[in-house]
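A short write-up of the structure that comes next.
The values are calculated or read from the model by the stated rules, or taken from the named source; none is laboratory data. Only a predicted model underlies this, so the values are computations on that prediction, with no experimental measurement involved. Note that each Cβ is placed from the backbone with ideal geometry, even for glycine, and that neighbours are counted across all protein chains shown. Side chains are part of the model used for accessible areas, which takes the heavy atoms of the whole protein and leaves out ligands, DNA and RNA. Shrake-Rupley method; radii C 1.70, N 1.55, O 1.52, S 1.80 Å.
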Amino acid sequence: MKVPLFDFQQDALDMMHTKLTQAQPFASVDNPQAISFSAPTGSGKTIVMTALFEDIFFGEPGFEPQPDAVILWISDMPELNKQTQLKIEGKSDRIRVRQLVTIDSNFDAERLAGGHIYFINTQKLGSDKLLTREGDSRQHTLWETLTNTAKSAPDRFYVVIDEAHRGMLRTDREAKTAQTILQKFLLGSEQDGLCRMPLVLGMTATPRRFEGLLAGTIHTVHKVYVPAEDVRESGLIKDRILIHFPESGGQSEMTLLAEAAKRWQVMQERWAGYCQSEGIEIVHPILVIQVEDGTDKILTRTDLNSALSTLENATERPLRAGEVAHAFHDSGEIQVGNRSVRHIEASRIEDDPEVNVVLFKMSLSTGWDCPRAEVMMSFRRAQDHTYIAQLLGRMVRTPLAHRVEKDAALNDVHLYLPHYDEETVNAVIQDLKNVEDVPPTETGVSRELVTLQRRKGTEAIFEAMKDLVTYRVNAVRRQSALRRLMGLGRGLAHDRIDEKAQEQVTQEIVTWMIEQVQRLHEAGDFEDRAKQITGVDLRTIALHGTIVAESKTAYTIDAALADIERHFAQAGRRLSNGLHMEYWRARREQDATAVKVEIIVLSQNHEGMTSLEQLAEDEFNRLYEQHKREIAQLGEQRRKHYNNLRLAAAAPETIPWILPESIPFKRTPKAPVFEKHLYLEEDNTFRANLGTWEKGVLEEELADLSVVAWLRNVVRQRWSLEIPYRDGGEVKPMFPDLVIVRQDAKGFQFDILEPHDPSRKDNAVKAVGLAEFAEKHWHLFGRIQLIRKQRAPDGQDHYYRLDLGKETVRKKVLPIKSNDELDRIFDQEAKVK
């Protein structure tokens, strides 16, 4: 693949491997198998399928290649097939353009050729279409072609139904009269001479309809499911949809359009600033305006001339020629006042750099994706909210295919609804929770979902925080240490931190590999292992009538070179990054086949691979520590690359705790105001809905004159302070509620405070986790306190603090196993502030 998969996509791919491996041996016309692959809108299902196609044709460790496999991709529309074809061409580095074949009306073959991906849409498969009719010029109908292919290669013919929920709902009446075209692939059609397809993959945002249809058939169903939370965490889709609407009724549509235009202008400025700081091509956000329907005499009831004038007044500049376009299906270029507004196909909006404002009516065409569309204004009435939800489902892809950490505002989509009230806005929010049409993005009103900026005057505090560290538990998919070390070396060379790093790392690993092979030779294990690869033991059985006589002598033949090459390729995938070829080149003076056998033996030797992993782990840590200051100076995405390499280790690792310029935050409109927070809203206040204990502890802290700032450490945010702890053998994350900043003559001190209910079962394990964190990082933080509210001797409730920053306290906490032990330590060591 030309692009790396996100962790959740790789997990889905691995699960597809597993399910296909289970299904293939049983797939036949009489025992059809179905894979239901469901993932939320925006998750990159086509990318996962492209990676799967590569693995089908070329193989992966544990997943045998099928170079003669046939793949048939079915969708509702030719445009969808074209988009899919282009995605496969653009993302795959192993599938060639000549392997991608569109089936047109002239197609005529006995069976589909192996090694190809065919595309067909249902519009070409009606009973009146050329592909499905017999005639003098046609030797085979497409139904016959598919049947012949299915019967000749049932375990190598993959029928992929794109958006499997489309066109598949069977009512009783429909079941009695006719089967839909897509149902024919699943159920077969004796009338058409089409057998059941033995191996079907349904790709869909929601599995309900596809699996409901299969429930009435003889298919064995294998399910692959991508959780919505995994897609949110990846950053492929926007974090939030913010809905703006008037508090009271009235004619406010042009007023809200002006606000939408100002928001669009702000987004333009923020994107330009971010892209320039990162040294990447500037993203130009689009304002999408949904207008009302028209009549027989007028194009739309919305006053387009007033709308465009409002845009110009709000942005304080004239609209440029070609900047505004419309996607009305029934019109070409239109005249709006003295402006010409051109027509544009929905599929071309994203890639047209001149388009900044798009007008449309109901919904844009199926399959339309426009990550640049970040602000939407709708003139439509509340009864049209379903169409708004469907459109927003196409708008929430992130323009850069990743989350922007530095500026939280760039992870938002804004929706302006002048003709809605609180009740109808809530209906929109409910529609936006429908994963069939909309990605799993947080949705709420702009009065609650806000963006906080760094408080002015806190520059010195943030500068001092650069030395602090955090953990990210299970944030990325684990990788082998060899893969991580090669990635680090390649990254250091790419970023010109150490231009020889990749070469030196590669040479070092090859040296280790040579040493491990030598160890196998010296231990006397190598020859026996090599014979298992280079030779095949055979025994002969003779039949004399009904009597079986087995020969007593066995003999060995040499393994075919093709088999050795296959094992060599598998070894390369285990080692990763072409290390098998680097080893082969380093020993090019030796016999080529013998060197390949060495690689195969090493890759299959547990002790040797374990040694390589430990050496790579140690070298990774040494190199990272050596260059971490230079890494910290890189742009956002490059820093993230190194963080992900570090976090992919088997055990939790630290990364620098770098807080962004702005953060997303949610609170109620009437939440209380608190002083000295590190981040503030636009009106220079901080409002938050704190729990009773959090509020009480914070009030004690703010009464201390040495406290100059604090942070509400929100759970599971990309910027949060995160600490690992172990619970029942599983590593989990915790997010202490408060980070307090104190200042003294020596500078700033950063305290971690965690008010925690003693009745919870996780008290002891979290206390141990805090103690382990303090044991490693006591020099970076001041107080690290677990806090309880309990009755004091004076008869009053007070907040008792167990300070794990103190060595004497944490030495007592580290070995505990139960909450009772923690309670006794609290009674002995906890203090009131």
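The distance linking segment 322-336 with segment 572-632 is 59 Å (Cα centroid to Cα centroid, whole angstrom).
Per-residue surface analysis assigns GLU134 an accessible area of about 150 Å², computed on protein heavy atoms at 1.4 Å probe radius.
Helical content alone sets the calculated 222 nm signal of the chain at -11500 deg cm²/dmol, taking -39,500 (n - 2.57) per DSSP H segment of four or more residues and averaging over every residue. Within segment 412-480, the trypsin sites (Lys or Arg not before Pro) that combine a DSSP coil assignment with at most 16 other C-beta atoms in a 10 angstrom radius are LYS433, ARG447, LYS456, ARG477, ARG478. Here the Karplus relation 6.51 cos²θ - 1.76 cosθ + 1.60, evaluated at θ = phi - 60°, turns the backbone of segment 347-359 into coupling constants of 5, 9, 4, 4, 9, 9, x, 7, 7, 10, 10, 10, 9 Hz, with x for every Gly and Pro. For segment 656-739, the relative contact order is 26 percent, taking Cα pairs closer than 8 Å that sit 6 or more residues apart in sequence and dividing their mean separation by the residue count. Under a 5 Å amide H cut-off, with hydrogens placed 1.01 Å from N, ILE784 pairs with ILE752, LEU804, GLY805, LYS806 among residues at least 5 apart or on other chains. Gain on full extension, evaluated as 0.36 nm per residue between ASN426 and SER137 minus their Cα-Cα distance, stands at 98.2 nm. The Cα trace of segment 596-737 gives Rg and Dmax of 21.8, 72 Å, the first to one decimal, the second as a whole number. On the beta carbon distance between GLU448 and GLU64, with R0 = 51 Å, the FRET formula returns roughly 0.45.
In the chain, a dipole from Cβ-located charges (positive for Lys and Arg, negative for Asp and Glu) runs towards its positive end, and of SER252, THR692, SER309 it is THR692 whose Cα lies farthest in that direction.
Return the label of the correct value of Rg and Dmax of the Cα atoms in Å, as calculated from the structure shown, out of [x] 28.6, 94; [y] 26.8, 83; [z] 31.7, 103. So the structure-derived entry is [z].
For ARG317, the accessible area of its heavy atoms, probed at 1.4 Å with every protein chain present, is near 60 square angstrom. In percent, rounded to a whole number, the relative contact order of the chain is 10, using alpha-carbon pairs under 8 Å and six or more apart.
Report in % the part of the accessible area of the chain that belongs to carbon and sulfur, leaving out ligands and nucleic acids; probe 1.4 Å.
In the chain, the share of accessible area belonging to carbon and sulfur is 47 percent.
With every protein chain in place and a 1.4 angstrom probe, the accessible-area ranking of LYS82, LYS695, largest first, reads LYS82, LYS695.
List the residue ranges in the chain for DSSP H helices whose C-alpha atoms run 30 angstrom or more along the long axis and whose Kyte-Doolittle average is -1.0 or above. Mind dumping the intermediate values first?
Numbers: long enough: 253-278 (37 Å, -0.66); 501-523 (33 Å, -0.46); 606-632 (36 Å, -1.23).
Span-like helices in the chain: 253-278, 501-523.
Working from label points 7 Å from Cα in the Cα-to-Cβ sense, the ARG348 to HIS402 distance is 3.2 nm.
Pairs of Cα atoms under 8 Å, at least six residues apart: use those to get the relative contact order of segment 1-151, whole percent. Don't skip to the answer; put the middle values down first.
Values: 189 pairs, mean separation 33.4, N = 151.
Across segment 1-151, relative contact order equals 22 percent.
Each Lys and Arg adds +1 at its Cβ and each Asp and Glu adds -1 at its Cβ; summed about the Cα centre, segment 1-156 shows a dipole of about 300 debye.
Let's see if you can work this out: charge +1 on each Lys and Arg Cβ, -1 on each Asp and Glu Cβ, no other charges. What is the dipole magnitude of the chain about its Cα centre, in debye to the nearest 20? Before the final figure, lay out each step's value.
Values: 109 positive and 127 negative charges, 124 e Å.
That gives the chain a dipole magnitude of about 600 debye.
The calculated pair-distance distribution of segment 1-107 uses every alpha carbon pair, bins of 10 angstrom beginning at 0, and gives 12, 44, 37, 7, 0 percent.
Pairs exceeding a 22 Å alpha-carbon distance, out of LYS806/LYS831; LYS238/LYS406; LYS776/LYS812; LYS238/LYS433; LYS640/LYS746: LYS640/LYS746. Projecting the Cα atoms of ALA616, ALA408, HIS798 onto the dipole axis of the chain, where Lys and Arg carry +1 and Asp and Glu carry -1 at the beta carbon, places HIS798 farthest toward the positive end. Comparing Cα centroids, segment 66-99 and segment 663-729 end up 49 angstrom apart.
In straight-distance terms, cross-link reach from LYS129 covers every one of the aspartates and glutamates whose alpha-carbon lies under 19 Å from its own, apart from those fewer than eight places away in the same chain; here that gives ASP76, GLU79, ASP104, ASP108, GLU110, GLU144, GLU190, ASP192. The base-10 log of I(q)/I(0) for segment 677-833, evaluated at q = 0.11, 0.12, 0.20, 0.21 Å⁻¹, reads -0.44, -0.52, -1.44, -1.56 [Debye formula, identical scatterers on Cα atoms, solvent excluded].
Length gained on full extension, GLN532 to LYS223: 107.5 nm, using 0.36 nm per residue less the C-alpha separation. Scoring 351-360, 765-774 by mean Cβ neighbours within 10 Å over their residues and listing the highest first yields 765-774, 351-360.
Compactness of segment 41-101 was expressed as the Cα radius of gyration divided by 2.2 N^0.38 Å, which yields 1.14. Ordered from largest to smallest accessible area (heavy atoms of protein chains, 1.4 Å probe), the residues VAL200, VAL29 come out as VAL29, VAL200. With a simple spin-label model that places each label point 7 Å from the Cα along the Cα-to-Cβ direction, the separation between SER252 and THR511 comes to 7.1 nm. For segment 76-162, the per residue solvent-accessible surface stands at 48 Å², with DNA, RNA and ligands left out and a 1.4 Å probe. Using heavy atoms of the protein chains and a probe of 1.4 Å, the accessible area assigned to ILE816 is about 10 Å².
With R₀ fixed at 30 Å, the C-beta to C-beta distance from ARG96 to LYS628 puts the FRET efficiency at about 0.10.
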